[in-house]
1. When the chain is fully extended, how far beyond the present Cα-Cα distance does ASP35 get from LYS6, taking 0.36 nm per residue of separation?
2. Using alpha carbons only, how many degrees (0 to 90, rounded to 10) separate the axis of helix 3-23 from the longest principal axis of the chain?
3. With just the Cα atoms of the stretch 42-146, tell me how far they stretch along each of the three principal axes, in Å, largest first.
4. On a straight-distance basis, which lysines could pair with LYS46 in a cross-link, Cα separation under 25 angstrom, same-chain partners fewer than 8 positions away excluded?
5. So if R0 is 22 Å, what FRET efficiency would ILE84 and LEU176 give, r being the distance between their Cβ atoms, rounded to the nearest 0.05?
6. Quick one: which residues, 5+ away or cross-chain, put their amide H under 5 Å from the amide H of PHE38? H built at 1.01 Å from N.
7. How large is the Kirkwood hydrodynamic radius of the chain, in angstrom, based on all distinct alpha carbon pairs?
8. In terms of the Cα gyration tensor, with a ≥ b ≥ c the square roots of its eigenvalues, is the stretch 1-82 rounded because a/c is under 1.5, prolate because a/b exceeds b/c, or oblate?
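The values are calculated or read from the model by the stated rules, or taken from the named source; none is laboratory data. Treat the numbers as computed from the prediction; the structure is a model and nothing was measured. FYI the Cβ positions are ideal-geometry reconstructions off the backbone, even for glycines, and counts take in every protein chain you see. Areas reflect the complete protein model, heavy atoms only, side chains present, ligands, DNA and RNA absent. Shrake-Rupley method; radii C 1.70, N 1.55, O 1.52, S 1.80 Å.
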Amino acid sequence: MNLPNKLSCFRMAIVPLIVLVMLFPYAQFSIAMPDFQFGFVTLPLKNILVLVLFAIASFTDFLDGHIARSRNLITSFGKFIDPIADKLLVNTMFVMFAATAVVPVVPVVIMIWRDTIVDGLRMNAAQKGKVVAAGFLGKLKTVTQMLAIIVILLNNLPFELVRFPMSDFLLWFATLISVASGISYFMQLKDIIMESM
């Protein structure tokens, strides 16, 4: 296994740790998690810890792609595992946000539907011997989702100080890009899909 693929696997390994930090029952173990105040906005320490873990995981997404391209280490396994690692990281965050009513359920459901459909398309293509790497819209989707998650974890700081709902804007923009990239994948693979009908 080359270094980029190890980084993708490391990104997947961080996901359970993020879930543990977010959902751990601190009060039951008499652990007091402090809050920080920025003007009228409260930012829990838990959010900061999750943000650090998420930032590390997100950086590996940039790093593994850069190393793979610069050292000519692009592999079929890498094309397969990298988007899976991204989806595990991003979708886990959004599901936890929706489950705790931090974000609306609808955009999260739309993005997960898109990922499920695209995964089905990619599996169908793989059966025909075609490995589909993430395209520009797919990468843009991931970047906008990660930006949305960062701003949500920051409780919309610093934008909340001027009453601008940047977290909502990024969430819905990511949803729009997600749908557009799903359509793009479908158009790329429509010939293979039609063969299967």
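1. Values: separation 29, 0.36 × 29 = 10.44 nm, distance 3.51 nm.
Stretched out fully, the ASP35 to LYS6 stretch lengthens by 6.9 nm.
2. Helix 3-23 sits roughly 40 degrees off the main axis of the chain.
3. Computed over the Cα atoms, the extents are 49, 31, 18 Å.
4. Cα-Cα hits under 25 Å: LYS87.
5. Numbers: r = 23 Å, r/R0 = 1.04.
Between ILE84 and LEU176 the formula returns 0.45.
6. LEU43
7. 18.1
8. Numbers: a/c = 4.93, a/b = 2.33, b/c = 2.11.
It comes out prolate by the Cα gyration axes.
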